[in-house]
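Just so you know, all these numbers are worked out from the coordinates, no wet-lab data involved. Note that the structure is a prediction, hence the values are computed from the model and not measured. Cβ coordinates were reconstructed from backbone atoms using ideal geometry, including for glycine residues, and neighbour counts include every protein chain displayed.
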Amino acid sequence: MNDLILISLVALGLPLVAFVLVIFNQKALADRAHLISTPAIAFSLVLSLYVAWMKLKGLPLTTFEWSMDWIQFGTLPGYGPLKITVGVLLDNITAILMVVVTSVSFLVHIFSSEYMKLDSRYARYFAYLGLFTAAMMGVILVNNFFGLYMCWELVGFTSYLLIGHWYEQTGPQLASKKAFITNRIGDAVMWMGILLLFTEFHTFNYREIFALIYQGLPITFSIFGLSPETTLTVAGLLLFSGAIAKSAQFPLHVWLPDAMEGPTPVSALIHAATMVAAGVYFTARIFPLLTGDAMLIVSCIGGFTALLAATIAITQTDIKRVLAYSTVSQLGLMIMSIGAGAVAAGLFHLVTHAAFKACLFLGAGSVIHAIHRAQHGTADSELDAQDMRNMGGLLKKMPITGWSFIVATLAISGLPLLAGFMSKDEILAGVTAYGKLQSTMQHSVESQPFYIDHNAIAILLPFVGGIVTILTAFYMWRQVFLVFFGVPREVSLFERIRESSRVMTVPIVVLAALCLWIWYGPNPLAPESGWFLKKWVRTSAQVIPPQTAPTYAIVPQVLATDDATHEEPEVSPASSPIPSSQTTSTLDRLPQMPHQLALEAERHTVAPIVGEVAIGSALFGLLLAWLLYMLRPGVASTIGRKLGPLYRFSLRGWYIDEIYEIAVVAPFLFVARGLAWVDDRVVDGLVNATARTTVLLSRVVGWFDRYIVDGIVTLVGATVQFLGLMTRSLQTGRIQTYLAWVVASVVTLFVVIHYVVLAKP
Amino acid sequence: MSLFPVGLYHFLILAAVLFVLGLFTMLTRKNAIAVLMGIELILNAANINFVAFTRYGGVNLGGQMTAIFVIVMAACEAAVALAIVLNLYRRSQTVSVVDANKLRD
């Protein structure tokens, strides 16, 4: 076991230890729980930083893996020993995400110790934060689908617990249930995908599966009679379903906006920075086995989600719901980017998004906290503390929070000098390259009648990216203008608002600082040159069969030279079914597939133009927001009234909740009620009828038993008693009486024998 | 040729008379000793029958032999029975078979 892996496991274990210590000592710790949790996570952060430093600085090209047998199933006929292993996979993205998770978690711990101060379940809150952090570390560290699924469920479960932290109120109750059930749907489908791969390859390990797929798909890899290639597409999409639920992609995005019912630091940690990004991370992990069709579907789902959520965010009035829909939209961008083959860009955006979205959420939390304090014991306590229409001009009162919020907003809207620009620019370049190549792809099946070229839809993706950039800048700046600028709308409340304490502002400032470009690369305008993309994270090579990969007309020059030096895999497909460690280690040296190289080359061509368009759209969105909310404050509501139906369509989230209510929940409840009726009437009726019949039958049997059986027994007894009574008088005890009877009997016998038996007829 | 030639029937009648007398004694007397004497009469009635049947139709001396066995047995029986009667007297100061009814209940 490698030292770095050991340290990573310790970093995972510390929050877990904190969880165990706090959860079992809730009463004793009470409001001192953060004194255990915060140092534990701080130490975990230090260890993660050490691991990341050693890994990225010293060994950026090595991938560490450590496995251990966990469950042995014995020997499978025709294969060999079957077992489940657990282990750790430590590559660059894992190291980076460890730092992201522990740092955001650490800052949220600090922030929460002030924000949750007066909460009645303070200790339990910190315990769950610790459990979540440990589970999240598990998700990113583990090297197989089985372990991943366990941690995946654990983060979902802690998310459920923390959304429902204030379970006395109806909102959090319903929201936590909704989050849990929606995630269950995706996870169940994801588990099918995992089992589909396990059934064929008899391993859960990512890299072993990739190595086996690379060796060639076996003909037995098939469900419902589909070809192995199609089955691989299906497997990829089944796995991706887990990400759809966890990363709140359409159609399972509905839980994330409702999850804002939880405490705001939780929203920052779980529902913005880390857990929802787990789906993106997972999609990047399984990217090597996504076929061309699967990539197209993944990117279309991502693109549609990004657009959908962005159009909803522009009309929301709740400060947290805007951020929630913004998160959904940004996650959609990342998924779209990964589907489009720009995996490194998607992961880059995941990291920068964690910084600026956590900053925005903590900023919103600071504002809400300040308003709550100002409301305390005054006539304004009826006001909704999260409604942006009650805010305004807060920059004067809360300068630290306000300026940090503005920095993060600059980052999310993709303006230069900030991290968001770099990652968003890369995503847009990748998506543009993909849209361009995919939509002009050549087909071998075009001759078929009624053939619809589904690849043409890819051309929409770059435009979706552009529109989302405009909308993102618009709704984020709308929020900034409504909350921090303009005239205060609730004057009496405004007067009492004060900046939050340092415990809360310092984490926000730190996160705002992390939004600057300097952490990710030296040149703010050239993301390609940044160390994140250049040195740390590369798009992993795909292992799919060549015929399932998209075939692009453009064959880059680089491909020809690469083909010459490209070494053939040493292991022939049929010779060894069990991947040796040698086979998995060749994965690191695996060259990218031709379509990946084509995308790479195209990305370089389009990047400069896309960069300019991205800045232009962001500025356009900013300007629009400034026009509508600063220059002409009344215009926005007038436009809203003019476009009434459209406005409501956006405000209600495309009526998706209502549609689900009618299309899914209502039929489900109807069926459930029907089943309940069947259970209540038919099943219970049958049971009751059986019971009644049994009682009736028992009565008959009882009567029979009492009067017939007992009667016979009693009759026998009575007869015997009667006979006894009759013959009792014979027993005189006088010997002479007996003798007289004997004599009489003999005489009688003699007479009978002589005159009856021996009488001649 | 005698006036009353004595034949088998005479003996049988005599034995029957003796048997009935013995039985009557057993049934009517309360004294246990008297009952025993009734038994002796009955046994001897049987003995007469044995001897008579042998004398008038037997081939060998089986009847006489049996009679001797019966006499021996009667002696044994008398000894045992008198011992019982003696014990009965010692325990209950009576030899009446009517009073010796302890086994009744």
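The table below lists the values:
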{"item": "Helix A:666-677 axis, angle to chain A major axis (alpha carbon atoms, nearest 10°)", "result": "10"}
{"item": "Ordering of B:34-41, A:45-52, A:105-112 by burial proxy (mean other Cβ atoms within 10 Å per residue, highest first)", "result": "A:105-112, A:45-52, B:34-41"}
{"item": "Helix-only mean residue ellipticity at 222 nm for chain B, each DSSP H run of n ≥ 4 adding -39500 (n - 2.57), per residue, nearest 500", "result": "-26500 deg cm²/dmol"}
{"item": "Helix-only CD estimate at 222 nm, as mean residue ellipticity for chain A, using -39500 (n - 2.57) per DSSP H run (n ≥ 4)", "result": "-21000 deg cm²/dmol"}
{"item": "For the range A:584-656, diffusion coefficient by Stokes-Einstein and Kirkwood Rh (Cα), 4 °C, 1.567 mPa s, µm²/s", "result": "77"}
{"item": "Rounded if a/c under 1.5, otherwise prolate or oblate - the range A:1-96, Cα gyration tensor axes", "result": "oblate"}
{"item": "Degrees between helix A:170-201 axis and first principal axis of chain A (Cα, 0 to 90, nearest 10)", "result": "90"}
{"item": "Chain A - charge dipole about Cα centre, Lys and Arg +1 at Cβ, Asp and Glu -1, debye rounded to 20", "result": "2320"}
{"item": "Average Cα contact separation per residue, chain A, under 8 Å, 6 or more apart, as relative contact order %", "result": "12"}
{"item": "Assigned charges on the beta-carbon of Lys, Arg, Asp, Glu; the range A:1-84 dipole about Cα centre (debye)", "result": "160"}
{"item": "Integer Hz, Karplus 6.51/-1.76/1.60 couplings in order for the range A:743-752, x for Gly and Pro", "result": "4, 4, 5, 4, 4, 4, 4, 4, 4, 4"}
{"item": "Set A:Lys357/A:Lys424; A:Lys246/A:Lys320; A:Lys357/A:Lys535 screened for pairs whose C-alpha atoms are more than 21 Å apart", "result": "A:Lys357/A:Lys535"}
{"item": "Global geometry of the protein assembly as shown, whether rounded, prolate or oblate, following the gyration tensor of its Cα atoms and the 1.5 cut on a/c", "result": "prolate"}
{"item": "Angle in degrees between helix A:3-23 and the longest Cα principal axis of chain A, rounded to the nearest 10", "result": "60"}
{"item": "Top positive-direction residue, dipole computed over the protein assembly as shown with Cβ charges, set A:Gly225, A:Asn183, A:Val743", "result": "A:Val743"}
{"item": "Cα lying deepest toward the dipole's positive end in the protein assembly as shown, options A:Tyr647, B:Leu21, A:Pro594, charges on Cβ", "result": "B:Leu21"}
{"item": "Gyration tensor (alpha-carbon) shape descriptor, the range B:8-96, a/c threshold 1.5", "result": "oblate"}
